[in-house]
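Please read the structure below before turning to the comments.
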Number of protein chains: 2
Amino acid sequence: MRGFLIIGNEAFTEPFNLSDLPGAGRIDILCRCVSQALFLSHSIRKGVEVYLMLLGEPDPPKAIRIRSDELRRMSPDERNIAGHIRKAVGYKLTKDWTETNSGIHASKKTLKELLTELSTSWEIYYLREDGKDLHEQVSKIKNPLFIIGDHIGVKRAEEDIILEFTKDILSVSRLSLMAEQCVAIVNYELDRAGII
Amino acid sequence: MRGFLIIGNEAFTEPFNLSDLPGAGRIDILCRCVSQALFLSHSIRKGVEVYLMLLGEPDPPKAIRIRSDELRRMSPDERNIAGHIRKAVGYKLTKDWTETNSGIHASKKTLKELLTELSTSWEIYYLREDGKDLHEQVSKIKNPLFIIGDHIGVKRAEEDIILEFTKDILSVSRLSLMAEQCVAIVNYELDRAGII
């Protein structure tokens with residue numbers, strides 16, 4: 001199992017225009033992270049979970065969970081994935097997970113509530129540019145969930161919460177990469193290390 | 001300098017619907033490859049060139065060249081990049097490069113004509129699943145241009161041409177990755193090895 005949690009600092013929490021994903025609080029970034037996390041060429045990885053934390057207007061927070069093993073009818077292009085997110089945020093959500101599509105659930109959990117739940121089953125790693133080199137640490141990693149910020153990164157308020165739950169802070173590059181590039185590289189390093 | 005050439009086996013060679021990029025011969029894949037090749041968080045890499053070989057109907061072949069150092073007004077989302085490709089294929093093109101946007105040129109070059117031109121200034125590597133491990137070979141690489149197939153891979157006719165120009169066949173993973181994941185990993189390995 002491997003997991004990813006992407007922080008969408010301004011990601012819209014109501015249905016948005018599928019023809020302007022950057023204008024919907026950079027939903028495009030979240031879509032590319034989902035795509036990079038889940039998809040191989042012509043197939044979907046087994047045992048991957050992606051969580052999206054949507055913190056934008058008008059109704060934050062909303063949390064989305066995508067489980068690769070239950071997923072149906074998703075393709076790797078931004079617009080298709082955005083359609084699933086759009087549908088999920090359109091539901092009347094509660095603190096519990098509501099299924100919005102096969103393999104996709106959404107809720108009104110806060111970041112702290114979400115991490116409290118995730119910390120019971122995952123080792124949580126926070127990806128930040130100044131962290132320890134993932135490549136050197138990867139052999140020690142088991143059952144990891146990686147937290148990654150979007151174009152804004154992670155703000156202080158959220159970072160304080162994240163650090164309460166974090167086993168370690170890791171980095172994939174000295175360059176400031178896009179979130180979805182971090183996801184692709186994490187998968188690559190875990191694959192090379194034989195970590196399922 | 002580093003370069004990428006993506007083979008779009010069915011990529012449309014006339015203007016297409018921006019709201020259905022997969023239906024335009026999987027232009028979405030080409031867009032994600034461009035995005036992964038060129039963009040960092042909030043900036044564009046220096047010295048990267050991306051070539052797209054569009055082989056779909058109705059007017060193949062069309063070749064597009066994107067030079068990061070001259071590029072203006074591109075953002076990393078699929079729809080924005082697709083808009084640039086759409087504009088480029090709408091021009092009346094010749095065998096010479098026609099500028100269709102700052103940093104973007106298009107032509108009617110065949111794959112063989114394009115590779116003949118590229119081979120004068122690049123070391124050409126072909127990415128294929130059964131190739132040598134890029135991670136182990138990367139220290140030997142200088143001034144590379146990587147050829148990557150889309151969801152269909154590279155067909156026999158194009159592969160025969162590619163192999164005439166190829167210095168080596170490399171692989172990034174034993175898994176069958178999406179083209180844009182290969183691009184992200186190539187950048188990662190070149191970055192780690194300090195290859196500019």
**OP:** Please report B:Arg192, B:Arg32 as a ranked list, fewest other C-beta atoms within 10 angstrom at the top and most at the bottom.
**Re:** B:Arg192, B:Arg32
**OP:** Obtain the nm distance between the two label points defined at B:Ala193 and A:Asp20 by a simple spin-label model: each point lies 7 Å from its Cα along the Cα-to-C-beta direction.
**Re:** 4.4 nm
Original post:
Based on the alpha-carbon gyration tensor of segment B:24-71 and its eigenvalue square roots a ≥ b ≥ c, which shape applies: rounded if a/c is under 1.5, prolate if not and a/b is larger than b/c, or oblate?
Top reply: oblate
Original post:
Stretched out fully, how many nm does the piece from A:Met1 to A:Glu113 gain, at 0.36 nm a residue minus the Cα gap?
Top reply: 38.2 nm
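How much length is gained if the chain between B:Leu163 and B:Ser139 is pulled fully straight, taking 0.36 nm per residue apart and subtracting their Cα-Cα distance, in nm to one decimal? List each step's numbers first, then the result.
Details: separation 24, 0.36 × 24 = 8.64 nm, distance 2.20 nm.
Length gained, B:Leu163 through B:Ser139: 6.4 nm.
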Subject >> Percent breakdown of C-alpha pair distances by 10 Å bin, ordered from the shortest bin, for segment A:145-186 >> reply: 24, 58, 18
Original post:
Is segment A:1-153 rounded, prolate or oblate when judged by the Cα gyration tensor, a ≥ b ≥ c being the square roots of its eigenvalues, rounded requiring a/c under 1.5 and prolate requiring a/b larger than b/c?
Top reply: rounded
Subject >> Two-site FRET efficiency, A:Ile152 against B:Lys155, from Cβ-Cβ distance with R₀ of 35 Å, rounded to 0.05 >> reply: 0.25
Original post:
If r is the Cβ-Cβ distance from A:Asp59 to B:Ser75 and R0 is 25 Å, what FRET efficiency results, to the nearest 0.05?
Top reply: 0.40
Original post:
If one computes the Cα centroid of segment B:140-158 and of segment A:1-32, what distance in Å separates the two points?
Top reply: 31 Å
**OP:** Determine the relative contact order of segment A:2-192: mean sequence separation of Cα pairs under 8 Å and six or more apart, normalised by residue count, in whole percent.
**Re:** 25 percent
Subject >> Compactness index (Cα Rg / 2.2 N^0.38 Å), the protein assembly as shown >> reply: 0.96
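Values in this text are rule-based calculations from the coordinates and carry no lab data. Note that this is a predicted model, so its numbers are computed, not measured. Positions of Cβ are backbone-derived with ideal geometry, glycine not excepted, and every protein chain shown enters the neighbour counts.
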